[in-house]
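Report on one structure; see the data block that follows.
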Amino acid sequence: MAEPTTITPAATSSSSSAKGKGKGKAAALGANPALAQKYVDGQMGIHIIIPRMLNATIDAINAALAAPNAAETLPAQGKLLLEHARSIWSVIHAHHHHEEEFIFSTFGTKSEQQGTTVGKLKDDHETLMADLNELDALTAPASLPRDVAEMERTLRTLLQILTRIRDFLIPHFEIENNAFDVAFLTAHATDKEIHTIEKQIDASLKKIGTPVLLAGVFYALTKEERKVHLTNLPFIVTGFLIPRVWKGKYKQYIQFYPYYTN
C-alpha cells in the first residue's frame with residue numbers, strides 16, 4: 001500500500017500575526033488568525049483526503065488484477081472498486097463546486113494577483129473535466145461489467161483515469177493551499193466571509209453524503225489527522241460514529257485505507 005499522501009501545509013498563523021486583531025476597526029481588516037487557521041485546516045483536509053482516496057483505489061485495483069484467483073474474485077471486488085471510484089468522482093465534483101461557487105467567487109476579487117491565480121485554478125478544473133466525465137460514465141451503475149474479461153478491461157481503464165486525475169490534482173492542490181493560506185486570510189478576508197463560506201459548504205454537503213463517500217472521507221485520515229481537519233464535526237461523529245458504528249458498516253470500503261488507525 002502507498003504511504004499516506006503528503007501535501008505541503010499552507011502557512012500557519014504566528015503569535016506576532018495575532019497581535020492587533022482584537023477590537024475596533026483593525027480587526028475588520030483581516031480574519032481572526034484562529035478562525036483563519038481552522039478554515040485552512042479544513043481545506044487542507046480535503047486536499048489530503050482526495051489524493052489518498054485515489055491512491056488507495058489505485059493500489060486496490062492493482063492488487064485485484066494481480067490476485068492469483070482473479071477469475072473468481074474480480075467480479076465482486078471489481079464491483080466494490082467501481083462503487084468506491086464513483087465516490088471519488090462525487091467528492092471531487094462536490095469540492096470543485098464549493099470552490100467555484102463559494103471560495104473563488106469570494107476571494108478571487110481581493111487582488112489582481114489573486115484573480116489571476118483563481119483564473120488558473122478554474123482553467124485546471126476545466127482541463128480535468130474530460131477525465132471526470134470519463135470516470136462518471138465508467139462507474140455509472142448501468143455500466144457494470146457483465147463478465148470477468150469485461151471487468152478486467154474496465155478496471156484497467158479505471159486505473160489509467162484515476163492515475164491521471166491524481167497526478168493532475170496534487171500540484172493543483174499545492175497552488176490552492178498557497179493561494180488561500182492563513183497569511184492571505186488574515187490580511188484580506190473577513191470573519192464574516194469565512195463563516196459564510198463554511199455555512200454554504202455545510203448546506204451543500206447535506207445534499208450529498210452517501211455511505212461510500214463517507215467511508216473514503218473519514219477513513220482516509222488517521223485519528224490524529226481527524227482532530228485537526230474535521231474540527232467542524234461534532235464529537236458524536238468523530239468520537240463515536242466514525243470509530244465504532246460506521247467502522248463496521250463500511251468495513252468493505254475501509255479495507256482500502258491502511259492509514260486509518262483507530
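The values are calculated or read from the model by the stated rules, or taken from the named source; none is laboratory data. In this text, all values refer to a predicted model and were calculated from it rather than measured experimentally. A quick note on method: Cβ atoms are made from the backbone with ideal geometry, for glycine too, and the neighbour counts reach across all protein chains shown. Heads up: the accessible areas ignore ligands, DNA and RNA and are worked out on the full protein's heavy atoms, side chains in. Shrake-Rupley method; radii C 1.70, N 1.55, O 1.52, S 1.80 Å.
Structure notes:
- The single condition among (1) open to solvent by 20 Å² or more (accessible area, probe 1.4 Å); (2) under 16 Å from the mean Cα position of the chain (by Cα); (3) in contact (Cβ under 8 Å) with a residue 40 or more places away in the chain that Ala220 does not satisfy is (1).
- Count of the range 131-152 residues, restricted to those that are without any contact (Cβ under 8 Å) to a residue 60 or more places away in the chain, open to solvent by 50 Å² or more (accessible area, probe 1.4 Å), in a helix (DSSP H, G or I) and not polar (S, T, N, Q), is 5.
- Among residues of the range 57-87, those that are aliphatic (A, V, I, L, M), farther than 11 Å from Phe256 by Cβ and part of a helix (DSSP H, G or I), counted: 7
- Of the residues making up the range 34-42, at least one is among the charged types (D, E, K, R), touching a Ser or Thr at 6+ places or on another chain (Cβ under 8 Å) and in a helix (DSSP H, G or I).
- Applying the set (1) in a helix (DSSP H, G or I); (2) surrounded by fewer than 20 Cβ atoms within 10 Å (Cβ to Cβ) to Ile165 leaves exactly one unmet item: (2).
- Selection within the range 85-124 - in contact with an Asp or Glu (Cβ under 7 Å, 6 or more places away or on another chain) and among the hydroxyl-bearing types (Ser, Thr, Tyr): Thr106
- Remark: Ala31 matches the filter, which requires a residue to be in a loop (DSSP other than H, G, I, E, B) and open to solvent by less than 30 Å² (accessible area, probe 1.4 Å).
- Odd one out for Ile197 among (1) at pLDDT below 90; (2) open to solvent by less than 60 Å² (accessible area, probe 1.4 Å); (3) not basic (Lys, Arg): (1)
- Pair list, Cβ under 6 Å, 6 or more apart: the range 236-248 residue modelled with pLDDT of 80 or more and part of a helix (DSSP H, G or I), other residue open to solvent by less than 70 Å² (accessible area, probe 1.4 Å) and aliphatic (A, V, I, L, M): none
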